[in-house]
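The values are calculated or read from the model by the stated rules, or taken from the named source; none is laboratory data. Please read these numbers as outputs of a predicted model, since none were measured by experiment. Virtual Cβ from ideal backbone geometry, glycine too; neighbours counted across all protein chains shown.
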């Protein structure tokens, strides 16, 4: 499939549930997950059988300009696993930031299974996520 | 013979049109047309029990398929009767509205022998500000209206044979007891206002196609109606609450869309003129990435310029009172749709949102 956003994320944009510049936005490397547009929280993803191999730190230098979200590239420290892995981005904290909240309150945003090197079969080491430099960057509305 | 409705007078001339009217006052009763109404006056201490005053049409008219209407600004005081009477040329036949000292507005007819169709609802000076007697087919209808446009039937008779061949229109005032100073006022005889202006526009919904982290992704901007980039940024930074903020629409003229505009004050500074704004949209919903809300209405002033719609968050995202214009965040610009741009009259522009899948606004 193509990279996609979760429907509750799009709803949440309109209802003030997200703040991509102040919150802790993270990326998880997961396997055994079938995208479900209705999933709202990370607990929905793991509840559906997904296994998290690694999680990035909070994305640094997030920007929102002209309807486009961008941030610095991220790295994930991975364990070796022969299965195909994909990426899921989520808001790990409250919209205003602060400590990470429980998985049942961490709102999912995007699912990435398409791109150079994706899906990935991680070794024991590091997976670097280099965000695209195209006009749409990581996420764009409009 | 002219129809009764052709007898028209808004009493704005300052003096009575004696080609249309005759007056028959008792001593101590005066009249004038001050303020554009026909005013019947008695002075303080007026002591003329059984005095009368009649303003009568000078000519005779045909009632069939016609009517007589009047705006009763005030029917006078409790000391007097005030009556609109359509009187037949013979036999004492008459149809009338009568406001006496009692609480009711009496409406009935008299065929020369018997009274009929009598009702006496409690007089409401607002809801019954206009009186109209109408002859349609074989029926007679007594009607009242708050505005001269929307009429409520108060009583009627379905089959009545007119006894007379011609009719006169009379405004009749009668004092049964000694009176203090009083004034009765009428206006707009058979001059009813035009219906209020109304228009309905249906903006085309906006679908902001999203692109997610794919270098080959392309973006599409909605054909004409569009969102402000600052709005799209604000969605991602928690600056909007479409379910909790007060989302309003402004009907503007003289505005050219500018992607850098962020607040309503930017629109105004760019030269836009706001004709009217809606109340906060009711029934907002966000489902499947679509925003929808109830249709709304904007009270407008007449203006020959083309007008378009700007949606904005008037309050903070969480709601509460409206903020200054330089804090009211813009959302969408709607120059296109059924009825848009609109050239408003003095009245109402109803904004009926599209029922298509994307509703008012959709992401993705």
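Structure values in brief
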{"read-out": "Residues located in region B:300-346, provided they are surrounded by fewer than 17 Cβ atoms within 10 Å (Cβ to Cβ) and assigned to a strand (DSSP E or B)", "value": "B:319, B:338"}
{"read-out": "Pick from region A:109-121, criterion in contact (Cβ under 8 Å) with a residue 40 or more places away in the chain and more than 13 Å from chain B (Cβ to nearest Cβ), ranking: farthest from residue B:362 (Cα to Cα)", "value": "A:121"}
{"read-out": "Strands (runs of 3 or more DSSP E) contained entirely in region B:167-284, each with at least 1 residues that are more than 27 Å from the chain's Cα centre (by Cα) and either modelled with pLDDT under 95 or within 9 Å of chain A (Cβ to nearest Cβ) (or both)", "value": "B:167-175, B:182-187, B:206-208, B:210-212"}
{"read-out": "Breaking point among (1) within 23 Å of residue B:52 (Cα to Cα); (2) outside any strand (DSSP E or B), for residue B:127", "value": "(1)"}
{"read-out": "Hey, residue A:86 more than 9 Å from chain B (Cβ to nearest Cβ), buried (at least 18 other Cβ atoms within 10 Å of the Cβ) and part of a strand (DSSP E or B) or not", "value": "yes"}
{"read-out": "Per-region count, region A:44-71, residues over 14 Å from the mean Cα position of the chain (by Cα), modelled with pLDDT under 95, within 21 Å of residue A:97 (Cα to Cα) and assigned to a loop (DSSP other than H, G, I, E, B)", "value": "1"}
{"read-out": "Filter pass, residue A:115 being in a loop (DSSP other than H, G, I, E, B), at pLDDT 95 or above and within 21 Å of residue A:9 (Cβ to Cβ)", "value": "no"}
{"read-out": "Residue list for region B:111-129, restricted to those being within 13 Å of residue B:99 (Cβ to Cβ) and surrounded by 14 or more Cβ atoms within 10 Å (Cβ to Cβ)", "value": "B:120, B:121, B:123, B:128, B:129"}
{"read-out": "Total residues in region A:122-142, condition in contact (Cβ under 8 Å) with a residue 60 or more places away in the chain and either facing another protein chain (nearest Cβ under 7 Å) or part of a loop (DSSP other than H, G, I, E, B) (or both)", "value": "10"}
{"read-out": "Tally, over region B:285-299, of residues that are in contact with a helix residue (DSSP H, G or I) (Cβ under 6 Å, 6 or more places away or on another chain) and assigned to a strand (DSSP E or B)", "value": "2"}
{"read-out": "Top-ranked residue in region B:143-166 [being within 18 Å of the chain's Cα centre (by Cα) and not in a strand (DSSP E or B); ranked as nearest to residue B:124 (Cα to Cα)]", "value": "B:146"}
{"read-out": "Count of region A:14-34 residues which are within 12 Å of chain B (Cβ to nearest Cβ) and touching a residue at least 12 places away in the same chain (Cβ under 8 Å)", "value": "10"}
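Conditions (1) surrounded by fewer than 20 Cβ atoms within 10 Å (Cβ to Cβ); (2) touching a helix residue (DSSP H, G or I) at 6+ places or on another chain (Cβ under 8 Å), marked per residue:
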{"residue": "A:30", "(1), (2)": "no, yes"}
{"residue": "A:37", "(1), (2)": "yes, yes"}
{"residue": "A:68", "(1), (2)": "no, no"}
{"residue": "A:75", "(1), (2)": "yes, no"}
